[in-house]
Structures are given as C-alpha cells and as structure tokens.
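Every read-out reported here was derived from the displayed coordinates using simple, explicitly stated rules and does not represent laboratory data. Model, not experiment: these values are computed from the prediction. Virtual Cβ from ideal backbone geometry, glycine too; neighbours counted across all protein chains shown.
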Amino acid sequence: MVVSAISLTGMNTVNVSDLNTGQQVQIYFLMVLGSPILVSICVIYIRKRDFYHKFPDTDNSQRVPRTGIRQITASNHGIANRRASKGHGCGLRSLLSIFKSFLETSHQSRGGTGEKEKIPSDEYEALRLLLSIIPLYLVLFQATGALILALYMSFARPDASLSNGINPVWLGIFLSTSSFNNVGLSLLDQSMMSFQTSYLTLITSSILVLIGNTGFPIFLRLLLWLALKVLPESQYCEECKRALIFILRYPRRVYTHVFPYHYTWILFGLLLFINTSEWIALEILNKDNPILTALPLNIRWLDGFYQTAMTRSAGFAVFSISSLRIGIQALYLAMMFVSAYPIIMIMRTSNVYEERSLGIYSHELSADAESTPGHDLESKRLQLQNPETIVYSIQKEIQKQLSHDVWFPITAAIIILWIETGSYDRDPITFSVFNIFFETVSAYACVGLSTGLQDQPYSLSGEFHSASKLILCAAMLRGRHRGLPVAIDRAIQLPHNALGEMQVQLDVVDGEVAGGETAIGADTEAGEGATPSSREGKRE
C-alpha cells in the first residue's frame, strides 16, 4: 500500500476503509508527496537557487527598467500582422531581413553585453514567478475540490461514507487529493460505484484528474496567458508581465510541463481524440451489456465519460471492470500502457525541437569533433540547419520509449504467472493470463485499475503471493520514473556556463529559416519565435 500510494498507482491490496485513521492519514500524505507537480516545484527551486549563486547580480538587476522583451513582443506582433495582411506569399526572406536588421540595431544600441546580462535575470524572474504560481495551482485546485466534495458528502450523500464508517468531510478531502494526484485510492470499498448517479461528484473528480495529469500543461499555459492579459499596465506589474512573457516565449527553458503553444494544441488534440475514441468504444462494445443498459441514458453517458477519464491515469472505477466486455478490457490494457505517452512525447520532442532551433548544441558538437576521430563538424551543423519535423520526432521518441517499456511488464507478468500457478489451477477465470497481464500493466503504468476479485472489493493483487506483490512494487517504481525528462532537458539543467549555452549562431538560425517555416513564423503570437540570445545580434 505504501509503494502504491507514493508511486500514485492506487492499487489497493486491502480495503482502505479497514485501515485506522492514522494509516489513512499516512496514505494521504504519501499521495501528496508523490505528486509530480510537487516534485517539479523542487526542481524549479533548485534551479532558481543555483541561478542566484552563479549570477548574484540577477536579483539586483530586476530593479533596472528594461524594455527588451516588450520591444521584441511588439516587433513580433507587427511582423505577424504584416504577414496576416499580405498572406503567406510574402516569403521568409523579407521576414528574415527585418529580423536581422532589428538584431543589428539592438546590438548597436545596447552593445550586446547588456542584453546578455538580462537573459539570466529574465530566466531567474520566470523561475521565481513559477515558484509562486505552481504551488498556488497545486493547493488551490485541491482545496476547491475538497471543499466541494466535503460539502456534498456531508449534506447530500452522508450515507455513502457513513456506511463504511468514514467521516464525510474526510472522504471529500481524500477523494479530492486522490483525484488531483491521479492515485485512484478511495476510502469506500466500492471505489466510485456508490456515486454512479452523482453528477457533482463524478464531474468534480474527473476535472481534478484532468488538470492534475494530462491536462496540467494545457491548463497551466492557459492560466499564464490569462494572467498576462488581465494584469494592468503599471510599474508594479512590470516585472511580473516580463516574467510571464518569458515563460510563454521560452517555456521549455524554464519548466518541463509548459510547452510552446503549437505543442500545447497538439497535446489538447491528442487528449480529446483519445478520450473521445475510448468513450465511443466503450459504448459500442458494451451496447448489449446489462451493466450499462440498465442505467438511464444520461447516467450511462456520464459514467462512460468518467470511466474513460479514469482509465489512463487515476484508476477509479464506476463500473466493475470484469463485468465489461473483453474487447473494452483489452482496449483499457492498451490505453494504460500508453497512458504516459502524450506527455512524454510532447515533453521530449518539444525539448529537442527547441534546443535545435536555438542551436545551443554547438558547444557539444565541438566537443564531439574533438573526441571523435574523423568527425565531420560541418555535416552535424547541416543537420541542425535541417531539423526533423515534429511528427517524425514524435515517431522516433515513441520507438525509443516502446523499446524501454515493452520488456519489463511482459517479463514481470510471466514471472507472476509462474508464481501464481497454484492460484490459476484453483480459479482459472479470476487468475487468468489476461487478468494477470492486466494487473501487471496497470501497476507498471501507475494506473491502479484492476479486474478485481469475485468476493472482495480490493484489487486482484491482494490475493497474490508475497513474491508477486514485490514484483508489482518493482513495476510501480520503474513505471513511475518513465515520464522523467531526458538529461539534456534545458528545463532541468543547472545554469552552468549558461551564457555560453544561450549564444545562438546566426548562420544556423538563417539556415533553419531558409529551409522552411520554423518557430520564428509559427509562434509569433506567443512569442516563442525569437530566441533569447538572438537579440544579441552577430558577434563582430
């Protein structure tokens, strides 16, 4: 139970309602400590502190009035408006000439050095702002959900909690945190089946699940954009607006879970497509299933939407999974396995695309040229000038992630099948090969969904031998770490020799723009197009 809670899996081997209050509180705090958002806050704090020590002037330079970002923002919007009025036929050469002339003017007026001093300060201010916004996001949504659910449990549905010997307020708080952190543990023995007809409970829980997991980058970027729009034009808000602009323009430099706006739209499209497809499949494959047909149509759709939102992350169950058709169970198994892929693929692809467009691998190429015999540095530079498309990059990341993921759950399931041979001989339906694979994949994906037992409300793993449970614990811990960013992710690197990394070679940028539409043209609305160090202009 401890590993299940800290890894946010939510696979219960005992009924949580049977635990005493102290044990339930321990499970609650383990869910909070395992939150990926909380872990990301720690990373931001470490980077901010390292910035403070490596660039001690950044904290003082924030008081100096600066207009660099605002000027570039206005320039970008002006370019965007001119392109919109002339259409796509205006070409990229004129855009590039305007961009280069602006860089040269900026370089002559500021001398280049002053702008380099602003870059660490801007990033430092962005980290400071994120350290305020993300904890507020983390606390505010959970507190709001806890308030709504606690009031509802106390006044509208006290019977659901009292029948299990649980305080209604404590149930609402626990459900809110379990939903937001995508754990799937419930103080009720029947998970969420007691709330099959409760609109408020299911909608609140599903919203918390989405904004705490796959939808987190989408909602966070939306909140940052709204904050930038509503902040008044005043000297007091100047630093805050500058930091917001920096985050929205260079999101993958400051945080792993804020993406450029076009990647955010891709993530939103994936989320909408997967959930809609899974919801439709649930309805089609179970059209004659009495478990669903017995429900009114509106309740059936509500429960179908909720179960769809829970399958790939939280693991709450509003239906008995074993009572659903085998086709939808197989689909759920596949969806659990790829549950982390949308975030992982967008995170790693946006990082590679942005780093290549910035050209900050130039120092790594030089190191490779010195260490690798016969290494052709110019060929590597040409590769940077012609970056892979987003789709191709995502395909390559999926292939690499599959090679990392496939073997472990298969090996773990086979070993568990060997251990549970006696259980299979005793009850081949409950301990079938499919059910054991389902349990193993659910543990590895940190979802917690289970086909369950016939006579007990807890997970199938509750009847496993101790050795099988240890294997599942290993699967949970390994699966919990598969969504980590790669080591070269700019958002987790400490600012060691940061000024050197921020230097952009204009010939590489020119080659990328000449080779096709890049972030310079596509991201003008959010401002991701102009690179931070491109404002320095060419070195003499």
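Laid out as a table, the results:
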read-out	value
Ascending count of other beta-carbon atoms within 10 Å, so fewest first, for H257, H404, H262	H404, H262, H257
By average C-beta atoms within 10 angstrom, highest first, the peptides 242-248, 313-319	313-319, 242-248
Highest-first arrangement of 438-448, 284-294, 10-20, where packing means the average Cβ count within 10 Å	438-448, 10-20, 284-294
